[in-house]
Ligand code: ME8
């Protein structure tokens, strides 16, 4: 067995009642960035994503479209699978909740919870939001101006009254509050944690966990008139993918409890309240962290299928490039906060941060090596205090990035790297190697070596956010594939002299408006 520490990270599994939107892609990109970071930092990473295929919402969408749920899945799931390819998501598994492995797992966790005395039959009478697939207490709902009753997320709720199995959630209130108190990092960011603590402190009622009025879902073991509440089945995906119910399975033993469930802020309650309670009831451990990211707004307006302003992530990737989109969202939006995007904002980041700051630095310095040094990495002479200072700053990036990524502050990690990129540009401008060409060629060579080394370090460190562009950057300084891990950063692994570099090519294209392009 490898000595690498395990790291299990997941996205939410999306409802494929439509095609993926930028909110889905955003969550996947952010999770991929964290997964890649951890892999490069020496962890044994397992990264899971997938689709949540049961429930009333799926059924109703299919009915409205005049197709069966399976036909709806056949239409939409391939688009989610294509998103994995299109956005370069380094997943290890893609789970679909209609898979047989998942039926077995969901029925097994149900049986465990029942055996533990936490499931009983009664009658549910209360409010339900199909859009959220969530039950709400009356005092969480309100009437809007048109007299329509809405849940806390602003979606319509309907009255439901039927025989149902219940989960004894109320019995877990104290244990949940104790878990939150003992594990302050369990729910992140802080605002989400406060929200959950206040909800649970207000008292928990038992949760209805089955329905009898439709059949699109997993039958309750021993009573197939009842279909499991979609969230019981959905949450279980995280352990199905590790081999549950076989808790001796290698993956399960190695990767459970999960390190981070990355989800949107609208589904915190399911992950931070219901999920640990289900797991404890089944004799399993709760995950270590639930991180609730913010929502994306298109020019300040909430993006959703019902509002009709959904942006196709595939279009965005085709227009700007996958890496530019990945960079833009992860740099621009503080991870955990809501974020807005627009064409202008994307172009500004592409042209300033990527094409100018990083792209030009590489292009200018490596072209000078090509032109003046026959493309051969020079042997540096004695290092000046300026050389030492900029190299020390670059060597410090890893610690800062790690610290940021411990708390999933992806934007802080990128800010730390681009701070070095900005300083590297100042260094290059101040050293003016082009002026040294005639006056002090040895010094020019040293400056170009320092700059090429900075490109190597930055190239290694930006792989999690822009895998393809980073690879191109590293190819330009001929870094072997097995020397691209974070263990290659720092003074012990400097760029060796005498390496023959290829002719430099631009890595980060500048975005030019189509109408002004010649
Ligand atoms: O909630 N901006 O599925 P889903 C950012 N099946 N993130 C967004 C977003 C937006 N505009 N819209 C949605 C579900 N998301 C369940 C999850 S997990 C066991 C089951 C995020 O397709 C949302 O917060 O509605 C969630 O994390 C993910 O996309 C899937 O949303």
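Each value in this text was obtained by applying a stated rule to the coordinates, not by laboratory testing. Since the structure is predicted, the reported quantities are computational estimates derived from the model, not experimental observations. Cβ atoms come from the backbone with ideal geometry, glycine included; neighbour counts cover every protein chain shown.
Worth pointing out:
- Protection-proxy order for peptides 320-326, 370-376, each taking the mean of Cβ atoms within 10 Å per residue, highest first: 320-326, 370-376
- If the chain linking residue 115 and residue 419 were pulled fully straight, counting 0.36 nm for each residue of separation and taking away their Cα-Cα distance, it would gain 103.9 nm.
- In this structure, residue 512 and residue 311 have a Cβ-Cβ separation that, at R0 = 22 Å, corresponds to a calculated FRET efficiency of about 0.55.
- Förster-model FRET efficiency, 30 Å R0, residue 334 and residue 181, C-beta, rounded to 0.05: 0.70
- Zone residues, segment 125-156, relative to residue 163, backbone N less than 19 Å from point 7 Å out along Cα-to-Cβ: 125-126
- The chain: C-alpha gyration tensor shape, a/c 1.5 cut-off, then a/b vs b/c: prolate
- When the square roots of the Cα gyration tensor eigenvalues are ordered a ≥ b ≥ c, the ratio a/c for segment 88-241 is under 1.5, which makes its shape rounded.
- Taking a ≥ b ≥ c as the square roots of the Cα gyration tensor eigenvalues, segment 1-122 comes out oblate, since a/c reaches at least 1.5 and a/b does not exceed b/c.
- Pair residue 70, residue 498: separation of 7 Å Cα→Cβ label points (nm): 6.6 nm
- Here segment 238-259 and segment 439-482 have alpha carbon centers that stand 40 Å from each other.
- The simple spin-label model puts a point 7 Å past each Cα toward its Cβ; for residue 253 and residue 487 those points are separated by 2.5 nm.
- Extension gain (nm, one decimal) between residue 123 and residue 383, 0.36 nm per residue minus Cα-Cα: 85.8 nm
- Proxy reagent accessibility, fewest Cβ within 10 Å first, across 410, 268: 268, 410
- Once both labels are positioned 7 Å from their Cα atoms along Cα-to-Cβ, the gap between residue 225 and residue 153 label points is 3.1 nm.
- Value of relative contact order over segment 1-120, rounded to a whole percent, pairs C-alpha under 8 Å and six or more apart: 31 percent
- Gain upon complete extension [residue 191, residue 392; 0.36 nm per residue less C-alpha separation]: 68.8 nm
- Relative to one another, the C-alpha centroids of segment 359-408 and segment 110-131 are positioned 59 Å apart.
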